[in-house]
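Q: Before we start, here is the structure in question, set down as structure tokens.
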Amino acid sequence: LLCAVFVILGFQALCGDRVSANKTLVAKVSDQRLRALSEFLKGIQVVKFYAWEVNVRKMVTSLRIEEAALHISGNIWKMLSLASVFFAGGLFGLVVFAVKLTYDD
């Protein structure tokens, strides 16, 4: 039973670390996207004059896709962490039942 507790705790720590690292990456990508949009809005006349709209759109779209992928990755780690919490009770019950059957004789 104690081994199962440590396995669940270790997995929870791993998930927490991954979620934290993912949030840092999302913040960096969001900052890049917002900085690019801010620069675009400041220099809109130059962008229009040189017809750079397509290039700006591609850059912003790629940053949005990267940001969305990071959000999805973070949500997957959060889901795994939450699932392990609900899985733990059943795992502990199974371990206790197995130990009882083994040592019942």
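The values are calculated or read from the model by the stated rules, or taken from the named source; none is laboratory data. Only a predicted model underlies this, so the values are computations on that prediction, with no experimental measurement involved. Please note: Cβ atoms are built from the backbone with ideal geometry, for glycine as well, and neighbour counts cover all protein chains shown. Note: areas computed on protein heavy atoms with side chains; ligands, DNA, RNA excluded. Shrake-Rupley method; radii C 1.70, N 1.55, O 1.52, S 1.80 Å.
Q: When only residues in the stretch 1-57 that are aromatic (Phe, Trp, Tyr) and closer than 30 Å to LEU101 by Cβ count, which is farthest from the chain's Cα centre (by Cα)?
A: PHE6
Q: Go through (1) open to solvent by 50 Å² or more (accessible area, probe 1.4 Å); (2) at pLDDT below 85; (3) within 30 Å of PHE97 (Cβ to Cβ) and name the single condition LEU80 misses.
A: (2)
Q: Collect the residues in the stretch 62-75 that are more than 13 Å from ALA21 (Cα to Cα) and either surrounded by 15 or more Cβ atoms within 10 Å (Cβ to Cβ) or not basic (Lys, Arg) (or both), keeping them in residue-number order.
A: SER62, LEU63, ILE65, GLU66, GLU67, ALA68, ALA69, ILE72
Q: Which residue pairs have Cβ atoms under 8 Å apart, sit 6 or more places apart or on different chains, and have a first residue in the stretch 44-73 that is at pLDDT below 90 and a second that is surrounded by fewer than 12 Cβ atoms within 10 Å (Cβ to Cβ)?
A: So the pair list comes out as TRP52/VAL46.
Q: Continuing with the same structure: Name the pairs: first residue in the stretch 85-105 and open to solvent by 50 Å² or more (accessible area, probe 1.4 Å), second residue part of a helix (DSSP H, G or I), Cβ to Cβ under 9 Å, at least 6 apart or on different chains?
A: Listed pairs, sorted by first residue: VAL85/ILE8; VAL85/GLN12; PHE87/ILE8; PHE92/ALA4; PHE92/VAL5; PHE92/ILE8; LEU94/ALA4.
Q: Of all residues in the stretch 1-48, how many are of a type in the set (S, T, N, Q) and not in a helix (DSSP H, G or I)?
A: Count: 0.
Q: Yes or no: VAL26 modelled with pLDDT under 90 and surrounded by 11 or more Cβ atoms within 10 Å (Cβ to Cβ)?
A: So VAL26 does not fit the description; no.
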